[in-house]
Structure formats: C-alpha cells, structure tokens
Amino acid sequence: MDVLTSAVTLLMDWQVLLALLVGSIGGVIIGAIPGVGAAVAIAILLPATFAMPPLVGLVMLLGIYGSSMYGGALPAVLINTPGTAVNALTTYDGYPMTQNGEARRAVALAYSASFFGGVFSIICLMLLAPLLAKVAPHFGSREIFLAALLGIILVVLAHRGQVFAAGMLASFGIFLQTIGLEPITYSRQFTFGQTWLTSGVDLIVVVLGLFALSQAFLLLVQPDETPKIKSVSGSLLSGLKELWLYKRVATVSSGFGVLMGMIPGVGEFTAQFMSYTYAQKTSKTPELFGKGAPEGLIASEAANNAVPAAAMIPLLALGIPGEALTAMMLTVFYVHNVIPGPQLFQGQMDFVMALYLALLVLNVIVLVFLIFSTNVLTRIIELPTRLIGVTILLLGFVGVYSLRNSLTDCALAAGFGVFGVILKRLNLPIVPIILGMVLGGIMETKLRSAMPRVKTPWDMIDRPISMIIFVMILLVIGLHIRTLIRDWRNPPRDVDTDIHLTQEGDL
C-alpha cells in the first residue's frame, strides 16, 4: 500500500500530468495521420526528453506509444488506410462496416475495444508487479546475457519469410554498437583511422535516420495526397455497451496481447492474428469476417492495445526492450542514470508503479478525448502528405543536431534515412537493426561481467534461471527448424499458382 501511495504522489506532479496529457493527445493525433506513426514521433521527441526529469520524459513517450493505436484506428475504419502499421488488421472489418453505413458503430467499437485491451493489460501487470519484484533479483549477468540473446533470436525468427535478412540486419546493428572506444581498455574499435568515428555511432542518430528521415523522404517523393473523410455523427458511447455482448472475444484478445507483449520480438502483429483467428473460429457467423464482423474489429483493437503495457515488462524487469519503441525509451533511462533491471524493482518500485498508473490514466484521457473530438481529428487526417514530410524532415534534423551540435551526426542520420528508404522499398525490416544495437550492447556488457566467474561453458548455465533460458533458446531454434522442414516437405498448395501469377504480372 505504501508503494501505491508513493506512486500516486509521483504521478500527481504537475509536470508529469502535463507530459501525460500532451503525450496522450499528441499520440492520438500522430496515430491518426497516415504515414507518421508512433516510431517517427518518438524518434523526433527523444532528444527533447533528455532534458526532462526521467518520469516526465518516459510518461510523455509512453503517452505517444499507448495512444497512437487509438488514433490509427480512425483512418483504418473510415478510409481503409491504417494510421499506424499495427492498425492494418482493423481495416479488414472496420472499413466494410463503414461501407455498410455503420461508420459510427465501427469507430465506437474500435475505441471501446482499445480501451478495454489497454486497461485489462495494465491491471494484469499491476497484479504481476509483486511477483516480478521477487523474481527479478535472481537475474545476474549470465541470466541477462542469455535473456538478451533469446530476445535477438526471437526478433529474428519473428520475421517469417525474412529470417536471413532479419538476422543480417540484427548483426549489422550489433556491429554498429561496437564502433568507437571499447568500454574496458578504451582502445578504438572499427574506426578505420577515422577520428569522427571515435565517439561511436549514436543510437538516436540511427533511430531518427531509419524511422523519421526515411519516412520523410518517402512522403516527399510520393505523389501529394489529401484524403477526404466524412464526419461521424451520433454518440460514440454506444460502443462500450455493445462491447459487453462480445466480452469473451475482448477478454481473450486482450490476454493474447498481454502474453505476446511480454515476449521480446513478437508484439502486436502476432497477438492480433492469434486473436483474429480465435474470434473467427469461435464465432457463430465466421463467414462475416472480412466483410464487417464486429468480433474481428474488436479482436484486432483489443489485442494491439494490450501490448504496450506488457512490452514494459522485459524492459523494466531485465532492461531488455522487445521492440523499437521500448528500445528508444531505454535510452531515456540510461541518460538519467536510472538503470532498468532487478535493482529497479528492488529499490524503485514506486517508480515502476507510477509508470503503470500513468498508462491507466492515459487510456481514460484518450477515450474521453476521442469521444468529443473525433470529427476534429478527421480534419487533421486531411493534411497533405508532402506538408507532413517536410515537417518530419525539419524536426528530424533539428533533433539530430540538438544531440551533440554535430553536422557529422546530421550527415550520418541522412545516410541512415536513405538506407531506411531502401529497406522499406525492398520490404525488409528495420527493427532488427535497432534491437541489435541495444541488445548487442547489453550482451557485451553482461558477458564481460560474467566472464571472471565462468571457467567452463557449463558455468554459464549452471543456475536454474540461466538453464531455463538456455533451454528456451534451444526450444525456439528447434521449433523453427522443425517448421522449416515441415514447410519444405509440405509446400503450400497455391505456390505454383502464385509463381504463375507473378510471372504473368512481370510480363
């Protein structure tokens, strides 16, 4: 009870509340604009949060992270264009409902399912917090090294059909992290005689280049578009009442979101498709899915909004981010010398609980804001895409230059921006690079800390938790190999058709 009281006191600071309000409303607006997304916004704001107190900066970023998916549902439902990537599945049933004249109902259900998923996951994690506080201290250097290795493996294997490319890009991220002065003996690594590489490649420069500048470049080279959206009339509170009719789907989907969010590298997409599949298989009208089924819309939105709070678990308990957005947040911790991991749960449990309470308040703020401002947001969505691109480009370069007042950083960010465009054009993942940089640094530090106590390879896994993680690594790799063998022996029936159609299209 004392921890909860202390957490509420931390949250009641006017700066924290203001950051929460700005982050929540700003995240909704950013999420509603197709082509921007939370990753771009967080990348741009990241340098500014370094000057803020740690809780203020993190609450602002959490506000954007947790609320962007609410806003992303609006264009997904109304114009069949997801505001953020994770709202893509929402278009399957949300837009058909709009075409059937049920736009208000679809928007109301999307908001209500998002609110339910967000609150459900936060309550689950607040109940889990005492257990995490007991388990986290048992993680030493060896356990965290193995957990980080498991995280990289999961991130790579999560990109089905692109595992090799994801592995190469994650390795590239690990390599980028090693450039500069080596932390123990301060000798130069991979600088190739270039003095400007001595300080290394800054993670924020890479993040801003790959996410913000690359998106700006894409928006600037594409034809200028101004989407047209009709206003939504009627009360949106009806969605909360109707959600009760589909409480089973909402609860199970939120549960999938919590479970998938806690596993590094899995995230919203896996949770969504598992939830959507469950909803379709258990529905009395499975034939309506993809044609305007309310259960499909609820499954998608409840699952993806349950993930953000769950994704904070590996970040706070072990200092291991599960995806790009939490990797960005990790830098805010390090800048303020607040080290996530077992010590955080032992010594600053009130700080952890304050973050969870902030997420809870965030969902309430966002729901109230959306109920009264949906039609205002539809006007914001109609901004020309090139105007958005120029704004992102300007803010991105300002953010990069503000880090170290370095034009070299700006040039590097521009280079990574071009590289990001190439990756997007080739449909290759960007996230493995960022997680490779973050998790590679964690692995290097923890391995060096563990080595004085490791005389044989067996010493790395001679404790219960390290053995469990090692077995999980073997199991994950084994299951992936089994899947590859099964797919090789039993190829999909439509492979020949797909190849034939592709060849016809090329002709």
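The values are calculated or read from the model by the stated rules, or taken from the named source; none is laboratory data. Worth saying up front: this structure is predicted, and the values here are computed from it rather than measured. Note that we place each Cβ from the backbone using ideal geometry, even for glycine, and neighbour counts take in every protein chain shown. When the accessible area is computed, the model is the full protein with side chains, heavy atoms only, and any ligands, DNA or RNA have been set aside. Shrake-Rupley method; radii C 1.70, N 1.55, O 1.52, S 1.80 Å.
At a glance:
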{"item": "FRET efficiency, 1/(1 + (r/R0)^6) with R0 30 Å, evaluated for Gln222 and Leu407 via beta carbons", "result": "0.60"}
{"item": "Extension reserve of the Val418-Val390 stretch, reckoned as 0.36 nm per residue once the Cα distance is removed", "result": "8.5 nm"}
{"item": "Chymotrypsin sites (Phe, Trp or Tyr not before Pro) within segment 164-210: DSSP coil, no more than 12 neighbouring Cβ in 10 Å", "result": "Tyr186, Phe192"}
{"item": "Hydrodynamic radius of segment 328-384 per Kirkwood, over alpha carbon pairs, in Å", "result": "14.3 Å"}
{"item": "Point-charge dipole on Cβ atoms (K/R +1, D/E -1) for the chain, about Cα centre, debye to 20", "result": "480 debye"}
{"item": "For the chain: relative contact order, % (alpha-carbon pairs under 8 angstrom, 6 or more apart)", "result": "27 percent"}
{"item": "Neighbour cut-off at most 15 other Cβ (10 Å), DSSP loop, trypsin sites (Lys or Arg not before Pro), segment 366-459", "result": "Lys455"}
{"item": "Two-site FRET efficiency, Ile380 against Met451, from Cβ-Cβ distance with R₀ of 41 Å, rounded to 0.05", "result": "0.15"}
{"item": "With every protein chain in place, the chain: carbon and sulfur % of accessible area (1.4 Å)", "result": "67 percent"}
{"item": "Separation between Cα centres of segment 315-349 and segment 26-83, rounded to whole Å", "result": "20 Å"}
{"item": "Accessible area expressed per residue, segment 49-148, with surrounding protein chains retained (probe 1.4 Å, Å²)", "result": "29 Å²"}
{"item": "Value of Rg/Rh across segment 67-121 [Cα atoms, Kirkwood radius]", "result": "0.96"}
{"item": "Mean ellipticity per residue at 222 nm, deg cm²/dmol - from DSSP H runs of n ≥ 4 across the chain, formula -39500 (n - 2.57)", "result": "-24000 deg cm²/dmol"}
{"item": "Computed E for Thr178/Met12 - FRET, C-beta separation, R0 56 angstrom, nearest 0.05", "result": "0.85"}
{"item": "Computed lengthening from Met467 to Arg160, 0.36 nm per intervening residue step minus Cα-Cα distance", "result": "107.8 nm"}
{"item": "Binned Cα-Cα distances of segment 284-410, short to long, each 10 Å bin given as a whole percent", "result": "9, 23, 29, 28, 9, 2, 0"}
{"item": "Binned Cα-Cα distance frequencies in segment 244-317 - 5 Å width, integer %", "result": "3, 21, 28, 20, 14, 8, 4, 2, 0"}
